[in-house]
Amino acid sequence: MAIEATSSRLGLQRLVRLRLRLTIWYVATFGLIIVLLGAGLFAVITYQLSQQLDDSLRDATLELVRAARIRELEQASVRGRVIDAVDELNIPDRILYLLDTLGNPVKPTKVDPWIIQAAREAANTAQVTVQRQIPGDKILRLHAMRFKLASGQHLVAVAVADQEELENKYADLIAAFVGIALLALVLVAAGGFLLVRKSTAPIERSIEFMRRFMADAALQQPRDSANYVSALRGVEAEARRLGSIVDSLLVLARADTGERQIEKERIFLDDIAIDAAGAARVVARQKNVEITVDDFEEAPIEGDASLVRQLVMIVLDNAVKFTDPGGQVHVSVSMQDGAPTFLVDDTGIGIKQEELSRVFQRFFRGETARSRTEGAGLGLSIASWIAREHGANISLKSEPGEGTKVVVTFPRAVSAVSS
């Protein structure tokens, strides 16, 4: 009893660790998605806001050019016209300048050297956009445009803006996104934990059943040796079942997190299938189910031998489990259109059509399956994962009462194709 109690405690500990790892994986995956989405979103919005600022500066210089030309038509004094054009415009958060093509200030009379340099560049290139950091950690952005008055004189219109308005928008955007992201992570953590708890509920029920079973065995009235042997065998069977479920969950957890390394090499599907069929006959004989080996062709593939054998054993085990005594399971390996194909055809109870699309889901067990076996509904999920990792396709055809046919088609080994 002490050994079984220790096994039960270890099972609970492994279950807790599994729940924690799966929850962390959910949160980490969603967190990475949020970070990537946030970075992309921030880059796009930053670009758009910068474009908006540049467009507003360009519009401001165009307004200054238009005002200068209008004033030229209305007044006689050139310098008076220019000064009036600058003074009459009032564009919020924009500073306007007029300079000649040599960089000499027209309005105002005193201009920073970097603005003069930008005006000279615009005089040569027609227009220019410049950004400059000034003392006090301020960043100014400038747009300069060369234009020509009706009198033939060339001048340069300049508009300058402080990028602080962009930084304020960035700060608001970041604060809003971080708040939403943190809330989303909390919800994902809570939802992930609930999902994991629901997924592992069958294991927890099995552990609780074992604990109650062992308590009953220890506390009830003394029994004879035959009863104790029967009780201990029941505990042993339940412990094996629990261990199998936990092992299957760990396989899927490692698959989800990418921890299971796939060691691929040139192997032969026919050899693996023959070996697995021999092992499955041991269980089949106990049920009076016959496993027959039909066509077997040499079928080289690139794969992980242990995983491919596990896939084959899962399919064979299901076929034997759901075939009544006196039934048959046919196994074959062939090259169909150059593709190595493993086929298992049984005369079992079959699967309802509405359940066929769900048989590869984790923990799914059909109505008939629940009444006949004590599995956890993880075998075909593992088989499906192994098939995907090998680029293989696994399909089922079934009719209730007429049996089930499982076909697994692998890509042919590259070396075999080239030869």
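A few notes on this one:
- Tally, over the range 116-154, of residues that are more than 47 Å from the chain's Cα centre (by Cα), basic (Lys, Arg) and either assigned to a loop (DSSP other than H, G, I, E, B) or under 22 Å from Glu63 (Cβ atoms) (or both): 2
- In the range 385-394 there is no residue that is in the same structural domain as His330 (by TED's automatic domain parsing), on the phi > 0 side of the Ramachandran plot, among the aromatic types (Phe, Trp, Tyr) and at pLDDT below 90.
- Verdict on Ala305 being closer than 19 Å to Phe410 by Cβ and surrounded by 15 or more Cβ atoms within 10 Å (Cβ to Cβ): yes
- Residue among Ala150, Ala118, Ala122, Ala157 that is aliphatic (A, V, I, L, M) and modelled with pLDDT under 90: Ala150
- Among residues of the range 121-132 that are on the phi > 0 side of the Ramachandran plot and among the aliphatic types (A, V, I, L, M), those with a Cβ under 8 angstrom from a residue that is modelled with pLDDT of 90 or more and buried (at least 17 other Cβ atoms within 10 Å of the Cβ), sequence gap 6+ or separate chain, pair up as Ala126/Met145; Ala126/Arg146.
- Of all residues making up the range 400-419, the number that are at pLDDT 85 or above, out of contact with any Asp or Glu (no Cβ under 6 Å at 6 or more places or on another chain) and either among the charged types (D, E, K, R) or within 22 Å of Ser332 (Cα to Cα) (or both): 7
- Hey, Val282 aliphatic (A, V, I, L, M) and surrounded by fewer than 16 Cβ atoms within 10 Å (Cβ to Cβ) or not: yes
- On the stretch given as the range 133-163, residues that are acidic (Asp, Glu) and in contact (Cβ under 8 Å) with a residue 12 or more places away in the chain total 1.
- Residue check for Asp271: modelled with pLDDT of 90 or more, more than 28 Å from Leu18 (Cβ to Cβ), more than 34 Å from the chain's Cα centre (by Cα) and surrounded by fewer than 20 Cβ atoms within 10 Å (Cβ to Cβ): yes
- For the range 335-355, filtering for residues that are modelled with pLDDT of 90 or more and either assigned to a helix (DSSP H, G or I) or farther than 19 Å from Asn288 by Cβ (or both) leaves 6.
- Neighbours by Cβ (under 6 Å, 6+ apart or cross-chain): first from the range 32-58, under 15 Å from Ala181 (Cβ atoms); second surrounded by 12 or more Cβ atoms within 10 Å (Cβ to Cβ) and not polar (S, T, N, Q): Ile34/Ala181; Gly38/Phe177
- Residues of the range 104-115 satisfying the condition of being farther than 17 Å from Thr129 by Cβ, out of contact with any strand residue (DSSP E or B) (no Cβ under 8 Å at 6 or more places or on another chain) and not in a helix (DSSP H, G or I): Asn104, Thr109, Lys110
Condition check ((1) under 17 Å from Gly401 (Cβ atoms); (2) modelled with pLDDT under 90; (3) among the hydroxyl-bearing types (Ser, Thr, Tyr)) across all residues:
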residue: Gly278; (1), (2), (3): no, yes, no
residue: Asn288; (1), (2), (3): no, no, no
residue: Glu297; (1), (2), (3): no, yes, no
residue: Leu316; (1), (2), (3): no, no, no
residue: Val333; (1), (2), (3): no, no, no
residue: Ser357; (1), (2), (3): no, yes, yes
residue: Gly366; (1), (2), (3): yes, yes, no
residue: Glu374; (1), (2), (3): no, yes, no
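- Just one residue in the set Asp216, Asp172 is surrounded by fewer than 16 Cβ atoms within 10 Å (Cβ to Cβ), over 30 Å from Leu140 (Cα atoms) and modelled with pLDDT under 75; that residue is Asp216.
- Qualifying residue in the range 308-325 (condition: surrounded by fewer than 22 Cβ atoms within 10 Å (Cβ to Cβ), part of a strand (DSSP E or B) and in contact (Cβ under 8 Å) with a residue 12 or more places away in the chain): no
The values are calculated or read from the model by the stated rules, or taken from the named source; none is laboratory data. Keep in mind that what you see is a predicted model, and the values were worked out from it rather than measured. Cβ sites come from the backbone with ideal geometry, for glycine too, and all protein chains shown count toward neighbours.
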